[in-house]
Amino acid sequence: MKSPTLNQSIMDTLLLQCHHLTQFNQILSQSIVTGFIKDTYAASRILNFSTTQSSIVNLNNYSRKIFDHVENYSNAFIYNTMMRSYLQTNRPKETVFLYKLMSDNKKSVYPDTYTYPLLIQACIARANILEGKEIHDHVVKMGFDSDVYVRNTLINMYAVCGVMIDARKVFDESPVRDSVSWNSILAGYVQMGDVEEAKLVFDKMPDKNIIASNSMIVLFGRCGCVIEAYRLFVNMKEKDIVSWTAMISCYEQRGMYQEALVMFLEMNRKGIGIDEVVVISVLSACAGSAVLETGGSIHGLVVKTGTSCYVNIHNALIHMYSMCADIAAAEQLFDSSSHIDIISWNSMISGYSKCGSLKNAREVFDKMPVKDVVSWSALISGHSQAGMFDETIALFQEMMLYGQIKPDETILVSVISACTRLAALEQGTWVHAYIKKNGLEVNSILGTTLIDMYMKLGCVESAKEVFYKMDKKGVSSWNALILGLAMNGEVEKSLEMFSEMKRCGVVPNEITFVAVLGGCRHMGLVDKGRHHFDSMINTHKIEPNIKHYGCMVDLLGRAGLLKEAEELIDSMPMAPDVATWGALLGACKKHGANEMGERVGLKLIKLQPDHDGFHVLLSNIYASKGSWEDMAEIRGTMTEKRVVKIPGCSIIEANGIVHEFVAGDTGHPQIHEIEEMLDMITERVKMIGYAPDTNEVCFDIDDEEKETTLFRHSEKLAIAFGLMVTNPPTPIRIMKNLRICNDCHTLAKLVSKAFDREIVVRDRHVFHHFRQGSCSCMEYW
DNA sequence: TGCCCCTAGC
């Protein structure tokens, strides 16, 4: 019986004015006392209120109370309302439970066409496709499968679960299809990234509504079809904020930040308005392009429109300022946050790293209450980019020891590059083993980083293995392989891979040609070098850059074609740099072209007065022709200008520790043993024909002293140490900062034979693999 | 009496 004091319209008014829990409780108790709640209409109003006004009422505490009071079950209505309440408050399990309750209730209430869409949504929320299929069977049995709402929800369910065959079946067999049916099936293909099928569906659509068009723009954006996205966008009869946002984020994701910003400005001019989504997208574009000005004015706009209170926008602003290297603005926002989100903490780490303030980055990191993989990644890659390779590896080890975080691709790439730079092969191999053991995906970037590491540390076979196992090889992967093979003396194989690359349809870029020409240079392949240089310009339409010219000058110069090399320098469209002249100077030294050498050397010293190498080369040219006075003058200039000859330095990794030797070094703790070993080496190699090549030491000193200086070359110390602390068949791997000298080269060849050990020396330019008395460089370096 | 389906960002 209805109370005279409470009816539907009074209740509606009361609920409209209800802003506090106490008021709600009054309405509820009045409904219960008067018995008004027994009516489904009243109960559903109260239920809906408690679902939508979660800030006032916690539905969990009330739903069953309200539901259990209902007596009038004339149809499924109250069940549907209840199911929707559960669904909207993220309790899909209870939605399904209620359906089961309804099916075996004794009041003979049956599900209707409204029940199934709710129920199917509950299955989607539970990601339970098996349950969904069961419901689909019920739908057919109950005869609701002709209802367009039910069918559309089924299409949607199959589509979001990725079962496009079933989605398509429901779609194709539908007696009636409305725009939602088309949109739902299209959404499935969009989600799968199936551009071809999506295009077919979209083309067939009778009316290309705004939702479908927006989805297509999103899909084109994700697949990188920017032009198609734009074509669709401009042809749309009407556009909404979603269309604009989709187009902007399409540009943003392809790195076309300028276009994204222009589009945002146009959108503003047209008075479309802004929301949280578009602001975040355009702030990402500002962050990506480091356009601080635009970022700042968007910040102003955000404050004006009051959207700055969203935590996501706050995060995006901090990220934008960090990436634009305006660390002060980022700090200000960060410090003013009432609650700091982990994304903002991470942005601050990246921001400090970007500014090179690694100390601050570490401080922020240490203060963080909870760290995720992004935090570690920002810190580790920050150190790697700052060239702090020891710290990069130490942080990685710290992270692994901590144990909670699985490294992501950025971290792995940073650590592997650090290993490459430090020649820490053991550590690098460990990281690779970790990747394999954990089945992590080796994508193009990670694979290329691994190839680069193995190649630069002289492990050609391991590099090749990585290359062949890669599913997607980018042009950089091929470049790393081609460059690496050439570096390791396998120039023929390198050029073969270059042909193979072209055969696979991969378009070479300018870096590829640096590698190819570099390979020709290492082996003195003048004709091949000329051929590739020409084909780069004429076939591949790549303008040679200064590096390509440098390679060619070096190649021609080394082959003794000094005049042609100098002519090439004269023909360069850009000003030759020190490396180009340096290559010619080196060639002059090699071929005893003292006149040209003197000319080029003096030019170089003018160009870069503080470079040690040119002074040394020039003084060596004077020394070799016996012009001791000129040489003394150069040495004098060097002292005057405080040009110091960079000492030769070799590093060798043994049992996980990197040992460094400098020429003339006496500081190593095991120096006495090393010297004894050196004596033994000398005796053994002298027996098979070694004679010290004292020409290498171009100081004006006597022969005996020359020999001693020669024996203090860093690579000799490293070889001796390597023989002491490693066992065959492990190769002795050494990295040298300068080029290996003639004498050390001869000695290494003989040691590899006399001691039956492989020695791998990476000098400033190439690898030398010494095996059984010969070297992979074929005497050409 | 009423209620049910499809679109965008980090």
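The values are calculated or read from the model by the stated rules, or taken from the named source; none is laboratory data. Treat the numbers as computed from the prediction; the structure is a model and nothing was measured. With ideal geometry, Cβ positions are generated from the backbone for all residues, glycine too; neighbour counts draw on all protein chains shown. Heavy atoms of the whole protein, side chains included, go into the accessibility calculation; ligands, DNA and RNA do not. Shrake-Rupley method; radii C 1.70, N 1.55, O 1.52, S 1.80 Å.
Just to be sure before I move on: is residue A:277 surrounded by fewer than 20 Cβ atoms within 10 Å (Cβ to Cβ), part of a helix (DSSP H, G or I), more than 8 Å from DNA strand B (Cβ to nearest atom) and more than 23 Å from the chain's Cα centre (by Cα) in the structure I sent?
When the stated conditions are applied, residue A:277 does not pass them.
Consider residue A:93 carefully, then state whether it is modelled with pLDDT of 90 or more and either open to solvent by 30 Å² or more (accessible area, probe 1.4 Å) or more than 16 Å from DNA strand B (Cβ to nearest atom) (or both).
yes
It is to be established whether one or more residues within region A:249-259 are open to solvent by less than 40 Å² (accessible area, probe 1.4 Å), more than 24 Å from residue A:305 (Cβ to Cβ) and under 27 Å from the mean Cα position of the chain (by Cα).
Yes, the conditions are met somewhere in region A:249-259.
Which fully enclosed helices (runs of 4 or more DSSP H) of region A:335-442 have 1 or more residues being open to solvent by 10 Å² or more (accessible area, probe 1.4 Å) and among the acidic types (Asp, Glu)?
Working: elements: A:342-354, A:358-367, A:373-385, A:389-402, A:409-422, A:425-437.
The helices (runs of 4 or more DSSP H) meeting that bar are A:358-367, A:389-402, A:409-422, A:425-437.
Within region A:454-476, take every residue that is within 17 Å of the chain's Cα centre (by Cα) and part of a helix (DSSP H, G or I) and give me the one that is surrounded by the most Cβ atoms within 10 Å (Cβ to Cβ).
Per the stated criteria, the residue is A:476.
Looking at region A:646-662, which of its residues are modelled with pLDDT of 80 or more and hydrophobic (A, V, I, L, M, F, W, C)?
Within region A:646-662, A:649, A:651, A:652, A:661, A:662 qualify.
State all residues of region A:741-752 that are closer than 10 Å to residue A:770 by Cβ, hydrophobic (A, V, I, L, M, F, W, C) and buried (at least 22 other Cβ atoms within 10 Å of the Cβ); if no residue qualifies, say none.
Scanning region A:741-752 gives A:747, A:748, A:751.
Going through A:55, A:31 one at a time, which residue ends up being outside any helix (DSSP H, G or I) and more than 9 Å from DNA strand B (Cβ to nearest atom)?
On the way: A:31 fails: outside any helix (DSSP H, G or I).
Answer to the check: A:55.
Pairs, please: C-beta under 7 Å, at least 6 apart or cross-chain, first residue assigned to a helix (DSSP H, G or I) and in region A:726-754, second buried (at least 21 other Cβ atoms within 10 Å of the Cβ) and among the aromatic types (Phe, Trp, Tyr)?
A:748/A:770; A:749/A:770; A:752/A:770
Being touching a residue at least 12 places away in the same chain (Cβ under 8 Å) and over 12 Å from residue A:118 (Cα atoms) is the filter here; which residues of region A:139-150 pass it?
Across region A:139-150, the qualifying residues are A:139, A:142, A:144, A:146, A:147, A:148.
Within region A:115-161, how many residues are among the hydroxyl-bearing types (Ser, Thr, Tyr) and surrounded by fewer than 19 Cβ atoms within 10 Å (Cβ to Cβ)? Lay out the reasoning, then the answer.
So the first thing to find is which residues in region A:115-161 are among the hydroxyl-bearing types (Ser, Thr, Tyr), and the list is A:115-116, A:146, A:149, A:153, A:158.
Going one step further and asking which of them are surrounded by fewer than 19 Cβ atoms within 10 Å (Cβ to Cβ), we end up with A:146, A:149.
Looking only at that region, the number is 2.
How about region A:118-173: which helices (runs of 4 or more DSSP H) wholly inside it have at least 1 residues that are of a type in the set (A, V, I, L, M, F, W, C), within 14 Å of DNA strand B (Cβ to nearest atom) and under 16 Å from residue A:191 (Cα atoms)? Spell out how you get there, then give the answer.
Working: elements: A:129-142, A:148-160, A:164-172.
Hits in region A:118-173: A:148-160, A:164-172.
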